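Student: Here it is: the structure, laid out below.
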Amino acid sequence: MGIHSALDRFVTDYIQAHHDASQPMVLQFDQNWPSPCYQQQGEQDEWVPWLPVRQNQHATLTDFEQALDLKVNPQLSEYFTCYWSENLNAKTPRGNLQLLLPWNQADFERLQQNLIGHVLMKRRLKQPETLFFAVTDEDDFFISIDNASGRVMLEQVGLEPTEVLAENLVEFLQQLQPRI
């Protein structure tokens, strides 16, 4: 199973969990923050349905890689270029988290800026380069991929990650359960 398949499974389970719990997937419409995820147009701040949508023109991390003279672990590139989506809540045996996904192209660019800042901080601290893709319910902790090994790590801000959550992103995604 690849990253796209693992994400497809999680997204399908996420949508089904909302349906089973009679919890519609809605958010406030923002005409200044367009996205293919909106299932209908609305008035500003009106609650409208949304769904994660597969990217049909794949975004790339080429500019990010060039800015840092860094080859991004292919797992992360596949992950961030698979879906346009609101962040998705999940739970693992280790705890709750929120998968970070780009809402639109502008959000994808903002995400890359945040990743650049993160990598520059890791370099300044002389720590192995990691790339985050999820946040936890604990304020100072997030989930990242070790760029060299591809392992999924629990990381505390400013510190080297020490806890391996999975050997790769597919393995990690397969552990996730939707959280409503």
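Student: Filter the range 6-40 down to the residues that are among the β-branched types (V, I, T) and within 18 Å of W103 (Cβ to Cβ), then identify the one that is nearest to the chain's Cα centre (by Cα).
Tutor: This residue is V11.
Student: Which residue is surrounded by the fewest Cβ atoms within 10 Å (Cβ to Cβ), if the candidates are limited to the range 47-90 and must be of a type in the set (S, T, Y) and within 14 Å of the chain's Cα centre (by Cα)?
Tutor: Filtering first and then ranking leaves T81.
Student: Please go through (1) in contact (Cβ under 8 Å) with a residue 60 or more places away in the chain; (2) at positive phi; (3) exposed (fewer than 14 other Cβ atoms within 10 Å of the Cβ) for A106 and return the number of the only condition it doesn't satisfy.
Tutor: (2)
Student: Collect the residues in the range 29-44 that are without any contact (Cβ under 8 Å) to a residue 24 or more places away in the chain, touching a strand residue (DSSP E or B) at 6+ places or on another chain (Cβ under 8 Å) and under 20 Å from Y83 (Cβ atoms), keeping them in residue-number order.
Tutor: F29, Y38, Q39, Q40
Student: Determine which single condition V53 fails, assuming it passes every other condition in (1) more than 16 Å from I143 (Cβ to Cβ); (2) out of contact with any Pro (no Cβ under 6 Å at 6 or more places or on another chain); (3) at pLDDT 95 or above.
Tutor: It fails just one condition, (2).
Student: Moving to a separate point now. Exactly one of these conditions fails for V119: (1) of a type in the set (A, V, I, L, M, F, W, C); (2) closer than 25 Å to Q16 by Cβ; (3) touching a helix residue (DSSP H, G or I) at 6+ places or on another chain (Cβ under 7 Å). Give me its number.
Tutor: For V119, the failing item is (2).
Student: In the range 138-180, which residue that is in a loop (DSSP other than H, G, I, E, B) and charged (D, E, K, R) is nearest to H19 (Cα to Cα)?
Tutor: Within the range 138-180, the match that is nearest to H19 (Cα to Cα) is R179.
Student: Sticking with this one: Are any residues in the range 11-28 of a type outside the set (S, T, Y), under 15 Å from W84 (Cβ atoms) and assigned to a helix (DSSP H, G or I), and if so, which ones?
Tutor: Listed by number, the residues that qualify are V11, I15.
The values are calculated or read from the model by the stated rules, or taken from the named source; none is laboratory data. The structure displayed is predicted, hence computed values, not measured ones. Neighbour counts are summed over all protein chains in view; Cβ atoms, including those assigned to glycine, are modelled from backbone coordinates with ideal geometry.
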